[in-house]
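Below you'll find the structure, written out as C-alpha cells, and then a few comments.
The values are calculated or read from the model by the stated rules, or taken from the named source; none is laboratory data. It should be emphasised that the depicted structure is a prediction, and the values quoted were computed from it without experimental measurement. As a convention, Cβ positions derive from the backbone with ideal geometry for all residues, glycine included, and neighbour counts pool all protein chains shown.
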Amino acid sequence: MARRLREISLPALAAALVAGLVLVPLGAVVIRAGGFSALRGADLAALRFTLWQAALSAALSCLLAMPVARALNRRRFAGRSVLISLMGAPFILPTIVAVIGLIAIFGRRGALNAGLEALGLPTLTIYGAHGVILAHVFFNLPLATRMILHGWQAIPAERMRLAASLGFGPAQVQRHLEWPMLRSVLPGTFLAIFLVCLTSFAVALTLGGGPRATTVELAIYQAFRFDFDLGRAASLALVQVFVCLAALAVASRLTAPPAFGAGLDRAPMRFGGGRALLVQDLLAIAGAAAFLLTPIGAIVARGLPALPDLSPAIWRACATSLGLAAASTLLTLALALPLSLAAPRHRWAEGAAMLPMVASSLVLGTGLFLIARPFVNPATLALPVTLLANAALSLPFVVRLLIPEVRVLQADYDRLAASLNLRGLARLRLLTLPRLARPLGFGAGLSAAFPMGDLGVITLFSDGETRTLPLALFQLMGAYRMDQAAAAACLLMTLTFALFWACDRIGHHADPR
Amino acid sequence: MKKTLMLAGLFVATAAVADEKPVLTVYAPDYFTSEWGPGPAIEKGFEEVCACDLKFVAGDVLPRILLEGDKTEADVVIGLNTDVTARARATGLFAPHGQDTGALTLPIAWTDDTFLPFNWSETAFVYDRTKLANPPQSFQELLDAPDSLKIAIQDPRSSISGLALLLWVKGVYGDKAPEAWAKLAPKVLTVTPGWSESYGLFTDGEVDMVLSYTTSPAYHLIAEDDDTKVAAIFPEGHYFLTEVAAQLKGTDQPELAQKFMDYILSDAFQGMIATANWSYPAIIKPGFLPEKFAALPRPDKTIFFDETEAEALRQPALDEWLAAFAK
C-alpha cells in the first residue's frame, strides 16, 4: 500500500500542479468576470472553423508523414541524420518567422509563383483557409514524421528478420508489422497536431485572408482586447478545454496497445524492396525536404544581410531567451517524466499533461496576473511566469512523445525488472532513462525551442526592460526596421534550431541501441 | 511558507530600489519602450527636469488599467488611442491634464480636458511608386481599381489602424459603406492582426498597397534615404489618428504626474516626436519637423469621429465589415 502510494505521489503532484496552472487562472478570470458570458453566433462559427481546420491539418500531416517516415526508416544515405534534424526545424519555428518564410516561397511574389509564371502556368495564392492548412502542415509534418519514425524504429529488428525469413512481401510486412505499429502511434500523433492547430492564432490571422478564418483563440483575443469581455473570453477558453478532453478520450479509445514484445536491440536489417519502392521513397524524402527546407532557406537569405546591424539590445534579448529556454526545459522534463511513466496506468496523468495544450495563453496570463496582483508587483514576476507558462505549454508535446515508448518499455521490461527487483532510482538509471533517451532528447529540444518563440503571456507582466528575442523582433517591425527584423528572425531561428539540435543529439547518443 | 518568503523578498527588493528617488510609473504600449521607440528619449528628457525616476511599464495599457482598477500603480498612461478613450474615461480613474489645448496644432479641434494628444497622423494607403505605375488618385478610384490590385489591411478587432479604416470608410461613404466594402474586399490580399505584419508584407513586395499612415514615407525618406514609398492622398479625406496621455486620479505622485503632463507639450518633447515616433507632433513649431518630413503631401480634408461617435459606430461598422468578408 505504502509503496503504491509512493509510486503515484510524484505523478499526482505533477498532475495537480499542471492542472492547477491551467484551471486556477481560468477560474480567476471567471470570478473577475462575474461568471461566463454567452457565446455569440460568430463564436460558434469560429469554433466550427477551428475544429474543421485542426482536423484537416492533423489528418494531412499524418497522411503525408507516413511515407516520409517509412522512407527515412528504410533508407540509409549520407546526411540522413542531419536531414532528419533539419526537417524538424519548422515545428520549432516561431510562427511569425515561419510565416515570413512561407510567404517567401508560396506568397504572391514568392519563388513558387515566380517559377509558375516563368513557365506560363497560372499562379497560386496562399491566402485563405487553404493557406492556414498549408502552414499548419508545414509546422506539423516534422512532428508527425518524427513521432511515426520513432514508432518504426521501435519495431524490433528480430520481427523484421522473422518477416524476411517467412518471405513476407511489402504488403504482408505492412499488414503484420507496420499497421499494428501505426495503430499504436497514429492516434496520439493526430491528437497532438489536432490540439496544436486548435489554438492556432497568428497563422490563421496572417494567412487566413480575412475574418472568415477566425479561430477560437483569435476570438478569445478579440473578446479580451476589443470588447474587454472577460466572461466571453473565459467561456471560449472553457470550450477549448472541453474539446481537448473530448479529443483525448477519442484518441485513447483508438490507440492499440503495443504487441511486438521486446527485441534484443540488434542493428535493424533493411529490406529495401524493388525499384518502385526506391522511387517512392526518394520522392517522399525529396518532396518533404523541399517543402520544409525552402522556406527556411528563404528566412536565412532574407535575414543574413542585416545581421551585423543588430544592436546590443538584440544580443541581450538573445541571452534572456536562451536562459529562459534552458530553465524551461529542465522544468518541463521534471514534470513530463513522472506524468508519462504514470500515464499508461492512470488516465488522469495523460489528461493533466494534455490540458496546457489548449490553455489560451492570454487567459492564462490574465488569470495569473489577477492572482499575483494583490500580493506582488507583476513586473517582478515577468520571467518566472513566462518560464512556468512555457514549461506547461511544452509539457504536452514531451509527454505525447514519451507515452508510446513508455508503453513499450513497460510491456517489454516490467516483468523482467520486477523479477530482478529493479526499482526506484536504479530502475530509472539503468532501464527507464536509457530506453527513453531518444524521445527525451527530442522532447527536451522541443521544450527548449518553445520559450524561444514565446510572446504570449509576458505582456501583462512586462517590466519594460526584460525583452525576449521575439518581442524585440516585433518591436523592430513596429518601428519600420523590417531588414533588422528579418535578421532577428534569422537569428531567432538559428538559435532555436541549435538548441533543439543539441538536445536531440544528446538523446541519440544516450540511446544504447 | 518558503514561497511567501520569496515573494516578500522580491517585494523588499523593489522597494529598496525605489527608495532613492521618487518614481513616476508610466504605462505605455510595447512599441514605446524599445530603443527604436520614443520611450528612451522621453525618459531621458523628463528625468533631466524632474529629479525623479521615470519607469515605463510596457504592455496592453487599457486592459491592464481595467484589470487593476483603482489599485493600479500607474501614475500616468501614454499611448492610448481615441478608440478606447471612451472606455478609459468611463472608469473614472483619470484626472484632468490641466493643459491649454488651444496651443495644439492638430488638423481638428481638440477640447478634451482629460486625454492629451501628443502626436497624430492620418490613415493612408502606402505604395511603392517604382512598382505601382498608376496608383489610385482617390478612394473611389481605389474601390474601382481592378481586383488584381492587392492591398493588406489590419483586423479592426485587434488593431487600431484597422479600426481607423472602418471609420474612414464610414466617414467617406456613410450609409454606402457596405457597398464600398463589397468593392474593396476582393482587393484585400489578407487581413493581419497588427500593422507590423501588413507593413512587412508591403516591404517584401507581397502587396501593392498597405494600410498605413500619411507619415510612413517619412521614415523611408529620412532614415533610409529612400523616396520610393509614397502615401496616396485622396481628396475624400483621411482619417485622423492621435495617441493620447492622461494622469490618474489616484496617483501617489500627483506633482510628478502633473509635471509629466506639462512636459508632454514642452518643446523638448514635441520637438523629438517626428523622428522618434514617425508621426506629427501635437504642436508644430518651426524646426520641429525635418525638412523632408515637412514636405510630405498633406490631405485637404481630415475625417474624425469623436469618441462618442466612434464608440457608437464601432459595432455596426464591424458588422458591415464582417458581412463584406463573409461572401
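Just one of the listed residues (A:HIS130, A:HIS150) is in contact (Cβ under 8 Å) with a residue 40 or more places away in the chain and not aliphatic (A, V, I, L, M), and it is A:HIS150. Note on the stretch B:31-41: residues that are within 12 Å of another protein chain (Cβ to nearest Cβ) and either among the hydrophobic types (A, V, I, L, M, F, W, C) or outside any helix (DSSP H, G or I) (or both) total 7.
Can you pull out every residue in the stretch B:69-93 that is acidic (Asp, Glu) and either under 15 Å from the mean Cα position of the chain (by Cα) or within 9 Å of chain A (Cβ to nearest Cβ) (or both)?
B:GLU73, B:ASP83
The listed residues are A:LEU102, A:LEU119, A:LEU112, and the only one of them that is out of contact with any strand residue (DSSP E or B) (no Cβ under 9 Å at 6 or more places or on another chain) and more than 14 Å from every other protein chain (Cβ to nearest Cβ) turns out to be A:LEU119.
For the condition surrounded by 19 or more Cβ atoms within 10 Å (Cβ to Cβ), away from chain B (no Cβ under 13 Å) and not basic (Lys, Arg), what is the one hit in A:LEU310, A:LEU333, A:LEU381? Outline the logic, then answer.
Working: A:LEU310 fails: away from chain B (no Cβ under 13 Å); A:LEU381 fails: away from chain B (no Cβ under 13 Å).
Exactly one of A:LEU310, A:LEU333, A:LEU381 is surrounded by 19 or more Cβ atoms within 10 Å (Cβ to Cβ), away from chain B (no Cβ under 13 Å) and not basic (Lys, Arg), namely A:LEU333.
Which members of the stretch B:165-181 meet the condition of being in contact with a strand residue (DSSP E or B) (Cβ under 8 Å, 6 or more places away or on another chain) and of a type in the set (A, V, I, L, M)?
Pass one, the stretch B:165-181, residues in contact with a strand residue (DSSP E or B) (Cβ under 8 Å, 6 or more places away or on another chain): B:165, B:167-168, B:171-172.
Answer for the stretch B:165-181, where residues must be in contact with a strand residue (DSSP E or B) (Cβ under 8 Å, 6 or more places away or on another chain) and of a type in the set (A, V, I, L, M): B:LEU165, B:LEU167, B:VAL172.
Taking (1) modelled with pLDDT of 90 or more; (2) within 21 Å of the chain's Cα centre (by Cα); (3) away from chain A (no Cβ under 12 Å) in turn, B:ALA28 satisfies each apart from (3).
Quick one: is A:GLY107 out of contact with any helix residue (DSSP H, G or I) (no Cβ under 6 Å at 6 or more places or on another chain), within 20 Å of B:VAL188 (Cα to Cα), within 13 Å of another protein chain (Cβ to nearest Cβ) and buried (at least 24 other Cβ atoms within 10 Å of the Cβ)?
On the way: out of contact with any helix residue (DSSP H, G or I) (no Cβ under 6 Å at 6 or more places or on another chain): yes; within 20 Å of B:VAL188 (Cα to Cα): yes; within 13 Å of another protein chain (Cβ to nearest Cβ): yes; buried (at least 24 other Cβ atoms within 10 Å of the Cβ): yes.
For A:GLY107, the condition - out of contact with any helix residue (DSSP H, G or I) (no Cβ under 6 Å at 6 or more places or on another chain), within 20 Å of B:VAL188 (Cα to Cα), within 13 Å of another protein chain (Cβ to nearest Cβ) and buried (at least 24 other Cβ atoms within 10 Å of the Cβ) - is met.
Of the residues making up the stretch B:183-219, those that are farther than 15 Å from A:MET477 by Cβ and within 10 Å of chain A (Cβ to nearest Cβ) are B:ALA185, B:VAL188, B:LEU189, B:THR190, B:VAL191, B:GLY205, B:VAL207, B:ASP208, B:ALA218. Condition first: within 24 Å of the chain's Cα centre (by Cα), closer than 20 Å to A:ALA111 by Cα and of a type in the set (A, V, I, L, M). Can you find one or more residues in the stretch B:220-227 that meet it? Looking through the stretch B:220-227, none of the residues is within 24 Å of the chain's Cα centre (by Cα), closer than 20 Å to A:ALA111 by Cα and of a type in the set (A, V, I, L, M). Pairs linking a residue in the stretch B:46-75 that is without any contact (Cβ under 8 Å) to a residue 24 or more places away in the chain to a residue that is in a loop (DSSP other than H, G, I, E, B), with Cβ atoms under 7 Å and 6 or more positions apart or on different chains, are B:PRO63/A:PHE228; B:GLU68/A:ARG373.
If you take the residues of the stretch B:228-253 that are touching a strand residue (DSSP E or B) at 6+ places or on another chain (Cβ under 8 Å) and more than 30 Å from B:ASP128 (Cβ to Cβ), which of them is surrounded by the most Cβ atoms within 10 Å (Cβ to Cβ)? Among them, the one singled out is B:GLN247. Among residues of the stretch B:146-163 that are more than 20 Å from B:SER216 (Cα to Cα), those with a Cβ under 6 angstrom from a residue that is among the aromatic types (Phe, Trp, Tyr), sequence gap 6+ or separate chain, pair up as B:ARG157/A:PHE226. For B:LYS44, are the conditions met, namely being assigned to a loop (DSSP other than H, G, I, E, B) and either more than 8 Å from every other protein chain (Cβ to nearest Cβ) or modelled with pLDDT of 85 or more (or both)? So B:LYS44 fails the test.
Of the residues examined, B:ASP112 is not one that is within 14 Å of chain A (Cβ to nearest Cβ) and assigned to a loop (DSSP other than H, G, I, E, B).
For the stretch A:423-433, the criterion of being farther than 20 Å from A:ILE92 by Cβ, crowded, with 19+ Cβ neighbours inside 10 Å and touching a residue at least 60 places away in the same chain (Cβ under 8 Å) is met by at least one residue.
Here B:VAL169 meets each of (1) more than 25 Å from B:ASN81 (Cα to Cα); (2) touching a Phe, Trp or Tyr at 6+ places or on another chain (Cβ under 7 Å) with one exception, condition (1).
Which fully enclosed helices (runs of 4 or more DSSP H) of the stretch B:154-255 have 3 or more residues being closer than 18 Å to B:GLN140 by Cα? I'd like the intermediate steps shown before the answer.
Values: elements: B:160-173, B:177-184, B:195-203, B:216-223.
Those helices (runs of 4 or more DSSP H) span B:160-173, B:177-184.
Highlighted here are the helices (runs of 4 or more DSSP H) found entirely within the stretch A:102-170 that include at least 1 residues which are within 28 Å of the chain's Cα centre (by Cα): A:111-118, A:129-153.
Any residue in the stretch B:115-137 that is within 14 Å of another protein chain (Cβ to nearest Cβ), over 15 Å from B:VAL210 (Cα atoms) and of a type in the set (Ser, Thr, Tyr)? Yes.
With the requirement that a residue be aliphatic (A, V, I, L, M) and part of a loop (DSSP other than H, G, I, E, B), what does the stretch B:74-90 give you? B:ALA74, the sole residue that qualifies. None of B:LEU10, B:LEU62, B:LEU66 is within 11 Å of chain A (Cβ to nearest Cβ), in a helix (DSSP H, G or I), surrounded by fewer than 18 Cβ atoms within 10 Å (Cβ to Cβ) and at pLDDT below 90 except B:LEU10.
The requirement of being in contact (Cβ under 8 Å) with a residue 12 or more places away in the chain, assigned to a loop (DSSP other than H, G, I, E, B) and surrounded by 15 or more Cβ atoms within 10 Å (Cβ to Cβ) is not satisfied by B:ILE273.
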